[in-house]
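*Asks:* Have a look at this one.
A short reminder: the numbers here are calculations on the coordinates, not readings from a lab. Computed from a predicted structure; not experimentally measured. Reconstructed Cβ throughout: ideal geometry from the backbone, glycine too, with neighbour counts over all protein chains shown.
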Amino acid sequence: MVSNRCRIRLLRQVLLYATIIVGGIVLWMTSRRYPVLEKFDHSTNTIPVANLTNYITSDKLGKLKYTIVRDAHPVTLTDYFNPREEVVNPFPNKYVIKPKNMCDDPPFLVIMVCSVHSHTNVRDAIRDTWGSVGHGSAWPGSDVRLQVKILFLFGKVKMPSMEYLIRRESKTYNDVLQGDFTDSYKNLTLKTLMGLRFVAKTCPGAEYVLKADEDTFTHVQLLYQFLRTVQPVNSVIGHIYTTSPVRRHGIWAVSFEMYPYHDYPYYASGNTYVLSRDVIGCISNTSGYLPYLPIEDVFVTGVMGVVCRATLVDLEGFTYWIQRAPEPEDFTIGNKLSANKVSPGLAREIWKELIDFDPKLVYRNLSSV
């Protein structure tokens, strides 16, 4: 006959094993990679999907290699990636400053630069160099004016002198977009979404948006050539991160309540990335129905990339955070599309290198090797 003490011990063991099993299941469920939609249709994409590695040849600057990136763990969509029935992040639709008639002549590409009020010298350097194509200048070595416009994005600060700076720049250059929200690192997602919504509404004919940090340099002509030649649709284009664990502490901390997975979706490095028109429209219309994340590139290109069923295009030559600052010649003798850690002085050095560059000398030197 089994004693009461034995029964109690047996019951405790059963409960312990049950707890371990249930805990294991819960841990497995919460540690799964983010869900990808079951119906992931690329049939409308003009990028050839059957051949995942392709090359676009530039007469001057070598080859650009791009690869279609897909998640290796396709699972069903969960509620996190489903737009809510009601708006959960009301967007401040009021613009404090916006450019006038910017898209009367529809651009092919809009450059959006997230800027800081006090960084006047940075914006001046961009306008004088790679961003000058957004004001009608031709790229060095070319007489062709690209169909490009440029926007500098801001929130509001409680410093009248700083607000005066960008109002003055707006009158001079007509390239300032300021939203009615506090300008802060935590609001970088909101700042980028503001720019995308403005482009979607004001420049519906724009095919692409290049989002760039202000310490970057982009070879706009080479990027423009790629986009014109390949014509990617429903796409996020840039340097794609495929392994990105969520940080729960520090400046990039995201709580489990905000994002209930241990890894982020595949996403594009926020230094510079490109969104196609259909993705811009989807993000503009849908983002307010999902909880924002303070990590801008994760939310805009990763979470919204999943929601909008976007194709991720890893384009060689796009920069990412840990890259070193470039040498000026990186943009003339290679396939460099963008770089970060670029100071105003370095931007001007790169620009001078592009102006002085003679491809015939490079080819002559190469042929003599």
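*Asks:* Fewest Cβ neighbours within 10 Å first, please rank SER338, SER287, SER184 accordingly.
*Replies:* Values: SER338 31, SER287 26, SER184 12.
Neighbour counts put them in this order, fewest first: SER184, SER287, SER338.
*Asks:* Can you give the FRET efficiency for ASP356 and GLN323, using 1/(1 + (r/R0)^6), R0 = 35 Å, r = Cβ-Cβ distance, to the nearest 0.05?
*Replies:* So, using R0 = 35 Å, E works out to roughly 0.90.
*Asks:* OK, next. My understanding is that a pair violates if its Cα-Cα distance is over 27 Å; which of LYS63/LYS341; LYS100/LYS191; LYS171/LYS211; LYS63/LYS186; LYS211/LYS352 do that in this structure? Walk me through the numbers on the way to the answer.
*Replies:* Working: LYS63/LYS341 24 Å; LYS100/LYS191 19 Å; LYS171/LYS211 23 Å; LYS63/LYS186 37 Å; LYS211/LYS352 24 Å.
Flagged as over cut-off: LYS63/LYS186.
*Asks:* In straight Cα distance, which aspartates and glutamates are under 17 Å from LYS201, not counting same-chain residues fewer than 8 positions off?
*Replies:* Hits, sequence-local ones excluded: ASP104, ASP105, ASP175, ASP278.
*Asks:* By how many nm would the segment from MET258 to ASN89 lengthen if fully extended, with 0.36 nm per residue of separation less the alpha-carbon distance? Before the final figure, lay out each step's value.
*Replies:* Values: separation 169, 0.36 × 169 = 60.84 nm, distance 1.31 nm.
Fully extending the segment from MET258 to ASN89 adds 59.5 nm.
*Asks:* Okay, next question. To make sure I understand, if each residue's beta carbon is the centre and we count other beta carbons within 10 Å, what order do TRP139, TRP321, TRP130 fall in, fewest to most?
*Replies:* Details: TRP139 20, TRP321 13, TRP130 27.
Ordered from fewest to most neighbouring Cβ atoms within 10 Å, TRP139, TRP321, TRP130 come out as TRP321, TRP139, TRP130.
*Asks:* A further question follows. Let me check against my output: what whole-number percent is the relative contact order of the stretch 36-367, with C-alpha pairs under 8 Å and at least 6 apart? Walk me through the numbers before you get to the answer.
*Replies:* Details: 628 pairs, mean separation 79.6, N = 332.
The normalised contact order for the stretch 36-367 reaches 24 percent.
*Asks:* May I pose another question? Order of 235-241, 92-98 by packing, highest average Cβ count within 10 Å first?
*Replies:* Working: 235-241: 25.9, 92-98: 14.1.
Going from most to least packed, we get 235-241, 92-98.
*Asks:* On to the next question. Which of PHE256, PHE198, PHE181 comes first, and how do the rest follow, when ranked by fewest Cβ neighbours within 10 Å? Write out the running numbers ahead of the final one.
*Replies:* Working: PHE256 11, PHE198 22, PHE181 17.
By the 10 Å Cβ count, ascending, the order reads PHE256, PHE181, PHE198.
*Asks:* On a full-extension model of 0.36 nm per residue, what is the gain between THR67 and TYR185, subtracting their alpha-carbon distance, rounded to one decimal in nm? Spell out each step's value before the answer.
*Replies:* Details: separation 118, 0.36 × 118 = 42.48 nm, distance 3.12 nm.
Taking THR67 through TYR185 to full extension adds about 39.4 nm, to one decimal.
*Asks:* Okay, moving on. Can you order the peptides 304-313, 156-165 by their average number of other Cβ atoms within 10 Å per residue, highest first? Don't skip to the end; give the middle numbers.
*Replies:* Working: 304-313: 23.1, 156-165: 13.4.
Descending packing order for the listed peptides: 304-313, 156-165.
*Asks:* Determine the gain in length on full extension of the stretch ARG168-PHE108; use 0.36 nm per residue of separation and subtract their C-alpha separation, reporting nm with one decimal.
*Replies:* Values: separation 60, 0.36 × 60 = 21.60 nm, distance 2.72 nm.
Length gained between ARG168 and PHE108: 18.9 nm.
*Asks:* Moving on to the next point. Please go through the stretch 216-320 and write out the GluC sites (Glu not before Pro) that DSSP classes as loop and that have at most 12 other C-beta atoms within 10 Å. All intermediate terms of the calculation are to be shown ahead of the outcome.
*Replies:* Details: sites: GLU257, GLU296, GLU316; in loops: GLU257, GLU316.
For GluC sites (Glu not before Pro) across the stretch 216-320 that sit outside H, G, I, E and B with at most 12 neighbouring Cβ atoms in 10 Å, the list reads GLU257.
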